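Following: one structure in structure tokens, then a few remarks.
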Amino acid sequence: MSKRSVNLSRVVVGALLVAGSASVGRAEERIVAKVPFAFMVGTAQLPAGSYVVKEWDDPRIVTIESEDGRHVAITLTIAGSSESRPQASLVFEKFEGQYFLQRMTTADGSEREIVLTPARMERDLVTAAPNNP
């Protein structure tokens, strides 16, 4: 097994447009964001573009769908930190030249995280590779 360096960096996409309201049920809360680069959610590869991020009735389940409906990913999340965030945001981890969605925060400060480790991101990259059977 060869050693190789792991290249991790974090990118925050801020100033997102948020729709929904705290008085509406959680399933109605959503984040609308323009992501300027291609990214991955698990093994789903999503191109740059405008996306709607929504929690289901079960807040552990999150859907990331392009505004035109052509690209979609569904993922499981865990509750994020209790730090107060001033605005809605998406946070990405960069690994081996690819961005992975790692965290999302809604306007009410609710934060959800996707558990990412270098081993998981590497496995997702291999699984998503076009020439992988």
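The values are calculated or read from the model by the stated rules, or taken from the named source; none is laboratory data. Just so we're clear, the structure is a prediction, and the values are computed from it rather than from any experiment. Note that we place each Cβ from the backbone using ideal geometry, even for glycine, and neighbour counts take in every protein chain shown. What goes into the accessible areas is simple: the full protein's heavy atoms, side chains included, and nothing from ligands, DNA or RNA. Shrake-Rupley method; radii C 1.70, N 1.55, O 1.52, S 1.80 Å.
Annotations for the structure displayed:
- Inspection of the stretch 62-70 identifies no residue that is at pLDDT below 90 and charged (D, E, K, R).
Every residue, every condition in (1) more than 19 Å from residue 109 (Cβ to Cβ); (2) at pLDDT 85 or above; (3) surrounded by 16 or more Cβ atoms within 10 Å (Cβ to Cβ), yes or no:
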position	(1), (2), (3)
4	yes, no, no
22	no, no, no
28	no, no, no
40	yes, yes, yes
47	yes, yes, no
74	yes, yes, no
81	no, no, no
91	no, yes, yes
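- Scope the stretch 93-133; condition farther than 25 Å from residue 31 by Cα, in contact with a helix residue (DSSP H, G or I) (Cβ under 8 Å, 6 or more places away or on another chain) and either at pLDDT below 85 or assigned to a strand (DSSP E or B) (or both); matching residues: 132
- Every listed requirement among (1) open to solvent by less than 70 Å² (accessible area, probe 1.4 Å); (2) on the phi < 0 side of the Ramachandran plot is met by residue 97 save one, (2).
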